[in-house]
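Down below is the structure, laid out as structure tokens.
The values are calculated or read from the model by the stated rules, or taken from the named source; none is laboratory data. Given the structure is predicted, the values throughout are model-derived calculations rather than measurements. Quick reminder, even Gly has a Cβ in these numbers, built from the backbone with ideal geometry, and neighbours come from all protein chains shown.
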Amino acid sequence: MENFDVVVIGAGPGGYPAAIRAAQLGAKVALVERENLGGTCLNVGCIPTKALIACADAFAHLRDAAKLGVKATNISADFGAMMAHKQGVVTQLRKGVGALLAGNGVKVFQGQAAFEAHDQIVIEHRTSNTEQPTSNTRIKAGKFIIATGSTSVMPGFLPKHARVVESRSFLDLQQLPASMIVMGGGYIGCELACLAAALGVKVTVVELLEDVLMLLDNDVRREVKKHMEQKLGMRILTGKPLENISAEAGGISAEVGGEKLSAELLLVAVGRKPVTDGLELERAGLKTNERGFIPVDEFNRTAVASIYAIGDVNGGMQLAHAATSQAMIAAESACGKKPHKNETLIPGVIFTMPEVAIVGLTEADAKKQGRAIKTGRFPFAALGRALAAGLPEGFVKLIADAGSDQLLGAQAVGAHATDLIAPATLAIRAELTAAELGRTVHAHPTFGEIWMEAAHALHGECIHAAPRKKA
Amino acid sequence: MPSPIAMPKPGQFTEECTIVKWLKKEGDAVAKGDILFEIETDKANMEVESFFEGTLLKILTPEGGTVPVQAVVAWVGQPGEAIPATPPAATPKPAAAPAVSGQKTEVRSQKPAVSASQAAPVSAPVLQHSSTPALQSSRRLRISPRAKALAERSVINPAPIRGTGPGGRIVEKDVLAYLESKGYAQLKITPTAKEMAAAEKLDLLTIRGTGEAGKITVDDIKRAVAEKPKAMSKMRQVIAQRLTQSFSSTPHFFVTVSVDMTDLVAYRATLKAKNLPYSVTDFIAMAVTLCLKEFPAVNSSTDGKSIWWHSKVNLGLAVSLESGLVVPVVRDADDLTLQELHDTSAALFEKARNGKLLPDEMSGSTFTISNMGMLNVENFTAIINPGEAAILAVSSTTKQAVVKNDQIVVRQMMKITLSSDHQVIDGALAAQFVNALKAKLEDVTLWKKLV
């Protein structure tokens, strides 16, 4: 039986970086994956959606280019070619991960891992998902890192039908439907809704909660919704459940608050649940909590000292970059380095149209905590570069402590919002004050200047915005 | 002619008071009965109301100021009236001081106040105490403006710096040398943390950074702020001083006995059933009073040269409140029946809980009982209240396996510990006293006579 220092189960954005980091630190490392290297993120999540969104963006820009003097006629969206682009990106990145693992000397096992003891797993190899295992391999390790991720929740009351899909199957569609109902107005639902709508699909988003994208502050939500409804022409129905759903060969029909809806496709995006099936955790001495997650401490250690759990499966923030950050911490700890605690400042990016990004404290959080804050907003419409680029939509917002001026949160909605969140995250983590961000020289003319302007706005000292009228 | 507002004399032995808060400001209209300010004595906080109508013309004693009783703290009159240049003389002789009611201000109500720590109540003879808070160094730092600005910019405390300027004055190069010797340049701190440290007037050189590579973060500053020394209330300072004085100057010794409360507890239950709500404290207070009459040396005071045997028993009873402890005094307890003792102490406890005790109801005790029975303790010792010869610490009554008639039986046992001043009480006397107390508490026939 082969013996490893560290075995990582799951090769997603948590697992493969953990394996590489452990190998960098000199450990003998194995990585077990039952599907594809790269996990959900690379194969059926972040990357393929962004590839398709880039296609939709290019299409939308071309359509809107006339206002910049570029005239294009007869533009059309070739969904098949878009899917080919997506597949090309995914294949290239997947190969890249394989090369990185090989280059770092990580031994990759293809198959389903199951614990036999706290220090031993058996890997069952199958040639396809349905078959019985054709062979198996037993390996032992001093430390295990579980990074098995999550999968879409499909509520039991939904009909099982080819017209009812979750995000993964949606990304494998051969052609776009003419119309689509999106059940769930979270970030996955809204991203895919925007993508489809930009390519001409008639989209209706149905959200049970009072609003879509509830993690954002109200003003930011409003800006995204305005674009989704007015520019992309979709309907957003909130505060009511999607009921009486039936799927037939002719299409989907359902009701929202008594109103009948019909469409060619139903996309279900109501959340994600942890994946632990087949792991036989109890044989390692582990138990999942009532929601199915593997509980961990702030160093990602499970109840068994030699086993770590990172990423979506541990019930923290379900984001690829949170998993990668935890991967570093778990791998370093597993290799005997002094562990750091998990980072708590995790930015979130949403590739809706317009893009949205968020990091740290929101105004709503501050209100709940009764914390005294100051906010500074600055619109892209007042930024030279954004106007020049023909992208005046949206704004950014900074949130700082009213007493110490410490930057606590930032949100951005508009062009490049998802890239713009990086400097704000850095500033918050470095415990910068808003005044210092304001004093930092930002190159002109750039989109990035907007943070400096927002920092000035926070103190009511904006150069490029008229002072607010005093009441 | 404006009328002077004088600091009232809230207690017989109170010689000075501190104004903690002004509820009116200069220029405010004042009606009769309006609360002007709040004062703090060593025993309590209370509100002082005006006996005059008009406008608050001038405040002479600001918040935080301490003045002798009867000193003029403000003037009330008609707007525009001239204020007499010299206020009437302060500090009259305490003996000549008229009663509170004879003055132009009146103590109206009293706020709940911490009066003592676990056992030693604050009472009778008023001690001198410093009015300058211990936190502030009285020595003025000799430092040049440039050096001071540099210290402030660097967020450090310049006090430990050795000055090389004229007369030992700290000059800029001293600060620079100090910063270098302390490795200030290596100090890492986040911008917000530095901002907060400056606002809180912390010394960065004393803060340990827990961020990456020892960087000082906001969390470290929050911790340092939480650890900053806070001024104790004046009352607390007086308590500290009195208890320290008592415990360091009085030779304490401690004698403990276990009292079998089984019969008395059972008897109390039968009384309770008859709607006679005597408490264990009542029985102990009565037993102590009876014993003090038998052992007058325990009910005494000394200055180390003379001893005063008190002819009356003024019993201090420590009461635990949410805000701390107060010690109301049952005067002439030796004149009271058990019923009267119960009623008097119940009334005092009620006042204590509502913060209505007057200073004189918290002073003049000759012996004190500290009962922690309801706090689930096995045994403890109390610190003698200055001016008294002993204090009794009463612990919880719990079921214990005890030997009785050579049999192990379950009995309700309570430990009592007498702290005695060895200047006037010897071991044998203390032993006799606690055993007399034990005998009384265990003798249920005595209680049947007293009820």
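Just to be sure before I move on: is residue A:160 over 21 Å from the mean Cα position of the chain (by Cα) and in a loop (DSSP other than H, G, I, E, B) in the structure I sent? For residue A:160, the condition - over 21 Å from the mean Cα position of the chain (by Cα) and in a loop (DSSP other than H, G, I, E, B) - is met. Please determine whether any residue of segment B:380-396 is over 24 Å from residue B:432 (Cα atoms) and either in a loop (DSSP other than H, G, I, E, B) or modelled with pLDDT of 95 or more (or both). No: zero hits.
Has segment B:162-170 got any residue that is in a helix (DSSP H, G or I), within 33 Å of the chain's Cα centre (by Cα) and either more than 14 Å from every other protein chain (Cβ to nearest Cβ) or modelled with pLDDT under 95 (or both)? The answer is no; no qualifying residue exists. In summary, residue B:257 fulfils each of the numbered conditions (1) under 19 Å from residue B:422 (Cα atoms); (2) out of contact with any helix residue (DSSP H, G or I) (no Cβ under 7 Å at 6 or more places or on another chain) with the single exception of condition (2). Of the candidates A:358, A:399, the single residue that is within 14 Å of chain B (Cβ to nearest Cβ), crowded, with 22+ Cβ neighbours inside 10 Å and either within 18 Å of residue B:196 (Cβ to Cβ) or not charged (D, E, K, R) (or both) is A:399. Among the residues of segment A:328-355, just one is under 28 Å from residue A:449 (Cα atoms), among the polar types (S, T, N, Q) and buried (at least 20 other Cβ atoms within 10 Å of the Cβ), namely A:352.
Can you name the residue in segment A:147-157 that is part of a loop (DSSP other than H, G, I, E, B) and not aromatic (Phe, Trp, Tyr) and, of all such residues, is farthest from residue A:50 (Cα to Cα)? Among them, the one singled out is A:156. Hey, among A:298, A:255, which residue is surrounded by fewer than 19 Cβ atoms within 10 Å (Cβ to Cβ) and farther than 30 Å from residue A:206 by Cα? After applying the criteria, what remains is A:298.
Of the residues examined, residue A:140 is one that is in the same structural domain as residue A:80 (by TED's automatic domain parsing) and of a type in the set (Lys, Arg). From the residues in segment B:172-201 that are assigned to a loop (DSSP other than H, G, I, E, B) and away from chain A (no Cβ under 13 Å), which one is nearest to residue A:342 (Cα to Cα)? That would be B:187. For segment A:419-448, enumerate the residues that are in contact with a helix residue (DSSP H, G or I) (Cβ under 9 Å, 6 or more places away or on another chain) and more than 14 Å from every other protein chain (Cβ to nearest Cβ). Listed by number, the residues that qualify are A:420, A:423, A:424, A:441, A:442, A:443, A:444, A:445, A:446, A:447, A:448.
Answer yes or no: is there a residue in segment A:3-11 that is assigned to a loop (DSSP other than H, G, I, E, B), modelled with pLDDT of 95 or more and either touching a Phe, Trp or Tyr at 6+ places or on another chain (Cβ under 7 Å) or within 26 Å of residue A:141 (Cβ to Cβ) (or both). Within segment A:3-11 (the criterion being assigned to a loop (DSSP other than H, G, I, E, B), modelled with pLDDT of 95 or more and either touching a Phe, Trp or Tyr at 6+ places or on another chain (Cβ under 7 Å) or within 26 Å of residue A:141 (Cβ to Cβ) (or both)), the answer is yes, since at least one residue qualifies. Within segment B:168-190, the set of residues being hydroxyl-bearing (Ser, Thr, Tyr) and free of Cβ contacts under 8 Å to residues at least 24 places away in the same chain comprises B:178, B:181. When A:237, A:209, A:266 are checked against the criterion of being surrounded by fewer than 16 Cβ atoms within 10 Å (Cβ to Cβ) and either outside any helix (DSSP H, G or I) or modelled with pLDDT under 95 (or both), A:209 stands alone in meeting it. Here residue B:54 meets the list (1) at pLDDT below 85; (2) more than 23 Å from the chain's Cα centre (by Cα); (3) not hydrophobic (A, V, I, L, M, F, W, C) almost entirely, failing just condition (1). Just checking, does segment B:362-369 include any residue being more than 17 Å from the chain's Cα centre (by Cα), within 19 Å of residue B:280 (Cα to Cα) and modelled with pLDDT under 95? Taking every residue of segment B:362-369 in turn, none turns out to be more than 17 Å from the chain's Cα centre (by Cα), within 19 Å of residue B:280 (Cα to Cα) and modelled with pLDDT under 95. Scanning segment A:404-418 for residues that are of a type in the set (Val, Ile, Thr) and either assigned to a helix (DSSP H, G or I) or within 14 Å of another protein chain (Cβ to nearest Cβ) (or both) yields a count of 1.
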